[in-house]
Structure formats: structure tokens, C-alpha cells
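Let me begin by presenting the structure, written as C-alpha cells, before commenting on it.
The values are calculated or read from the model by the stated rules, or taken from the named source; none is laboratory data. Please read all numbers here as calculations on a predicted model, not as lab measurements. Positions of Cβ are backbone-derived with ideal geometry, glycine not excepted, and every protein chain shown enters the neighbour counts. Remember, those area values only see protein heavy atoms, side chains included, never the ligands or the DNA or RNA. Shrake-Rupley method; radii C 1.70, N 1.55, O 1.52, S 1.80 Å.
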Amino acid sequence: MKTPLEKNGIGIFGGTFDPIHNGHIQSAKMVSDWLGLANVLFIPAHIPPHKTQAHTIPHASATQRATMVSLACQSFPQFICDKRELTRSGHSYSVDTLKALKAEYPEQTLYFIIGMDSLLTFTQWHQYQDILTLCHLVVNTRPNYDISQVNQATKTLLEKHQVDSVNMLKQQKSGAIIFAPPVHFDISSTQIRANLCQQQCCKSSLSPLILDFINKNQLYR
């Protein structure tokens, strides 16, 4: 079993991963290389607290989603599928996962990788202030993202916590927010599910292992 290395920092990439796709992998790989991280933990959410409406509830089971994440991690020695949220009853709150990881790896700096869409709602997250005492936020952006679209609460958050360089980021153990270089991969799990439902080709969006698992289990049909 792959285990985190010492003192290089650990990336934390949580999500529904319904399914995990090449955009997730490329984003995690870019952040890992950019920050020189020892490992990135992919943490599938069991019951995402923000996905409670019928059309947002995961289509694949928690076990199936975790299996797909494990398959995706096989090709990258620094990637690990962490299934801790699947054994937790109730909603999967990021703050609880980060507290547990900080207790396990007290000497490590944690880098919580989120998307731009998550940043826009971050000030509404459960105990979001505590999250910033446990880790840094690394925000994945897409080309031509418009930072002016953020609401006032997010602007205030960025004014207090944003840093502009990796050197500035690494001077702190937690509490900073940095925007990662954009990854040129414009696809979403929602679009992939729609394409699969319509029997459209998804070879450019999914690894062969993931696509084979989806087909064998007749997912997203």
C-alpha cells in the first residue's frame, strides 16, 4: 500500500467522483508537480452535504465510485485513494476529514485542492473558518476564469488569505489561498454521464480502466 512520504506536503482532493475523469487526474498531477507534493489523497465523498436534491445525488454507489478512484490512482505512484469518508455515517464534511488527517500527519502541510465553483461557495461550508486553520486552499482554475464574479464574502476571504506565489504559500503551515495555473480540460462528470447515457464516445475523457469498469457495470445508462 502506498503511504504518504515525509515532509513534502500532502494534497487533499475530495469530491463525488461520479465518475472520476481525466480532468481530475490532470488537475491533481499539475498541482502535485507545481507544489512538489509527496502525495495526493483522493477522498470520495460518501454523502456529499451539498448534493441533496434528486438530480445531484450520486448515480454510482459509494463503493463503485471509490473503486473507480482506486483504478485511476494505479497509474500514478503519488496518488492514493483514501476511503475514510465511506466508513463515516451521515454527511461527509471536509473539516472533519481535515482534522483527522492533521491528527495523523501533524508534521505535514496539507494542501486542500478545490475547484473555482467550490471557492464561490466556500464561505457557506460547514465550519469553513476552521478549515483554514488546518490547511492551505489550492484553487484549480480554468482558462479565462473571471475572478470579478465572486460575491462579497468570497472577495473578503481572498483579501485576507490569498497569496500570489508558491514561496509565500510555503512560508505558512496553513491559512493561505492560492490559485493554481489553469488546466486546459473543459469537461465535467455531469457531461460525461450525459454522454454515456447517449452512448457517445468518452475515450478522451476517461481512462481505459475507468471506461471498462463503467461498461462492465452498466453505469450511467
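What size of dipole, in debye to the nearest 20, comes out for the chain about its Cα centre when the only charges are +1 on Lys and Arg C-beta atoms and -1 on Asp and Glu C-beta atoms?
Roughly 360 debye for the chain.
What angle do you read, to the nearest 10 degrees and between 0 and 90, between the alpha-carbon axis of helix 152-161 and the longest principal axis of the chain?
Approximately 60 degrees, to the nearest ten.
Search the structure for amide H atoms under 5 Å from the amide H of residue 40, placed 1.01 Å from N in the peptide plane, and list their residues when 5 or more places away or on another chain.
Here 11, 79, 80 satisfy the definition.
Per residue of the chain, what 222 nm ellipticity follows from adding -39500 (n - 2.57) for every DSSP H run with n ≥ 4, rounded to the nearest 500?
One gets -10500 deg cm²/dmol as the mean residue ellipticity at 222 nm.
Which net charge results when you count Lys and Arg as +1 and Asp and Glu as -1 among the other residues whose beta-carbon is under 13 Å from that of residue 142?
-3
Across the stretch 128-137, in residue order, what do the Karplus-derived ³J(HN,Hα) couplings come to in whole Hz, using 6.51 cos²θ - 1.76 cosθ + 1.60 with θ = phi - 60° and x for Gly and Pro?
Those phi angles translate into 5, 4, 5, 4, 6, 8, 9, 7, 9, 9 Hz.
Can you tell me, using C-alpha contacts under 8 Å and at least 6 residues apart, the relative contact order of the chain as a whole percent?
Reported as a whole number, the value is 23 percent.
When the dipole is taken about the Cα centre of the stretch 92-221, and only Lys, Arg (+1) and Asp, Glu (-1) are charged at their Cβ, what size is it in debye, to the nearest 20? The partial results should precede the final answer.
Working: 11 positive and 10 negative charges, 52 e Å.
About 240 debye.
Karplus couplings for the stretch 100-117 from phi (6.51 cos²θ - 1.76 cosθ + 1.60, θ = phi - 60°), rounded to Hz, Gly and Pro as x?
5, 5, 5, 5, 6, 10, x, 8, 8, 8, 9, 10, 8, 8, 10, x, 4, 5
Work out the length of the dipole vector of the stretch 65-145 about its Cα centre, built from +1 on the beta-carbon of each Lys and Arg and -1 on the beta-carbon of each Asp and Glu, and round it to the nearest 20 debye.
It comes to approximately 180 debye.
State the answer as a single residue: which of 195, 184, 118 lies farthest towards the positive end of the charge dipole of the chain, with beta carbon charges of +1 for Lys and Arg and -1 for Asp and Glu, about the Cα centre.
195
Looking at the chain only, what percent of DSSP beta bridges run antiparallel? Nearest 5 please. Don't skip to the answer; put the middle values down first.
Values: 0 of 21 bridges.
About 0 percent, rounded to the nearest 5.
Please arrange 101, 86 by accessible surface area, largest first, computed with a 1.4 Å probe and ligands excluded.
The residues order as 86, 101, largest area first.
So if I average 1/r over every pair of distinct C-alpha atoms in the chain and take the inverse, what Kirkwood radius in Å does that give?
Numbers: mean 1/r = 0.0558 Å⁻¹.
Answer for the chain: a Kirkwood hydrodynamic radius of 17.9 Å.
Apply the Karplus parameterisation 6.51 cos²θ - 1.76 cosθ + 1.60, with θ equal to phi minus 60°, to every residue of the stretch 9-24 and state each ³J(HN,Hα) to the nearest whole Hz, in sequence, with x for glycine and proline.
x, 10, x, 10, 10, x, x, 6, 6, 10, x, 5, 9, 5, x, 4
Can you give me the angle between helix 62-73 and the longest principal axis of the chain, using Cα atoms only, in degrees from 0 to 90, rounded to the nearest 10?
70 degrees
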